[in-house]
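Report on the following structure.
The values are calculated or read from the model by the stated rules, or taken from the named source; none is laboratory data. If you're wondering where the values come from, they're calculated on a predicted model, not measured in any experiment. Methodologically, a virtual Cβ is constructed for each residue, glycine included, from the backbone with ideal geometry; neighbour enumeration extends over all protein chains shown. Calculation scope for accessible area: heavy atoms of the full protein, side chains included, ligands and nucleic acids excluded. Shrake-Rupley method; radii C 1.70, N 1.55, O 1.52, S 1.80 Å.
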Amino acid sequence: MKIVVVGAGAIGSLFAAYLTKSKEEIWLLDKNKERAAKINTTGILVEEPNDNWQVKIKATAVPSDIGKADLILLCVKSFSTKLALEQISPLLKESTKILSLQNGVGNLEIISEFSGEDRVIGGITNQGATWIDVGRIHHAGVGETIIGTANGKTPVEMRSIREIFNQVGLETKMSRDIKSLIWSKLIINVGINALSAITRLPNGLLTEFEGTKRILRDAVTEATRIAKRKRIKLIFDDPLAKVEAVCENTAPNLSSMLQDVLRKKRTEIDFINGVIVRLGQELGIAVPTNKLLLDLIKTIEASYEQSGKLT
Ligand code: PAF
């Protein structure tokens, strides 16, 4: 199987590095030429609590170097999905599947519109990875990955993906209800990401302070209310307990949104708390905590140039 991981961020680099342990042909496609060239030369270094390991990998910014792919693993930021799909067009053949492991709600709809629903596999991952430098990541929290299709079927390709991921040490399960999965992950990101980016705290510390504990609880409660109204069944019975457990299991990890803010990059807020705020307005459900988190992150994004400067 030829597997192409798209996006050399923390999660893309993590999955690409682990997948090189399989017997499949693995490529990393990144839109940035210099980044792809560096990874192609030096490989990917994965730092883990008990071990640091480095692997070689074929990386490029040019899709025609790769040819047709069997599986494309989309690991780009949600706001780059459309652009990434244009880039991967030359890789598609009749049977190519596209697996999205992105955060937030809305990506599967964008991919289905582009390539037809049959190609699309959705996924969530609770792996916690921090991008340190090009081709260098810190794997701070181990979490499971769950994949599924929109129509609830389990095509043979999906079972192969599960097998390959499990073989290389990326614990993976299948689900028949992808919407419920994506929403369950959304709830986790709603509670952790913006709050950690604003406070600049690693995931584990969010549950250590009264203030952050309360805000996390309120954001999660509002999002759960929206999910309930939309009749979306979450994969856990106690959403707050689950989000707190993820904080604990990925304690040293800097959430992806905190990493973005520290690097003064655009965040995925529109696909996370932004979704809750939009749906809250549509459904007439008050979501003040999510609105506040959205507004603060938007302000942080808009003021990267000014922030930290005394007048
Ligand atoms: O976006 C993230 O950082 C991750 O989805 C998670 C699970 C919150 C861990 O940091």
Report, in degrees rounded to the nearest 10, the 0 to 90 angle that the Cα long axis of helix 210-229 makes with the longest principal axis of the chain.
70 degrees
Along the charge dipole of the chain, Cβ charges K/R +1 and D/E -1, which of 299, 190, 212 sits furthest on the positive end?
299
What is the extension gain from residue 304 to residue 51, computed as 0.36 nm multiplied by their sequence separation minus the C-alpha to C-alpha distance, in nm to one decimal?
87.5 nm
Percent relative contact order for the chain, counting Cα pairs under 8 Å at least six residues apart, stands at 15 percent
Cα atoms only, the chain: Rg and Dmax in Å?
18.7, 61
Would you mind classifying region 180-307 by shape? Square roots of the alpha carbon gyration tensor eigenvalues, ordered a ≥ b ≥ c; an a/c under 1.5 is rounded, otherwise it is prolate if a/b is larger than b/c and oblate if not.
oblate
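Would you mind calculating the gained length between residue 163 and residue 22 on full extension (0.36 nm times residue separation, minus the Cα-Cα distance), in nm to one decimal?
On the way: separation 141, 0.36 × 141 = 50.76 nm, distance 1.03 nm.
Gain on extension, residue 163 to residue 22, equals 49.7 nm.
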Subtract the Cα-Cα distance of residue 295 and residue 132 from 0.36 nm times their separation in residues, and report this length gain in nm to one decimal.
55.9 nm
Order by accessible surface, 1.4 Å probe, largest leading, for residues 48, 305, 244 comes to 305, 244, 48
If one computes the Cα centroid of region 1-63 and of region 107-139, what distance in Å separates the two points?
14 Å
To the nearest 20 Debye, how big is the dipole of region 180-307 about its Cα centre, given +1 on the beta carbon of each Lys and Arg and -1 on that of each Asp and Glu?
380 debye
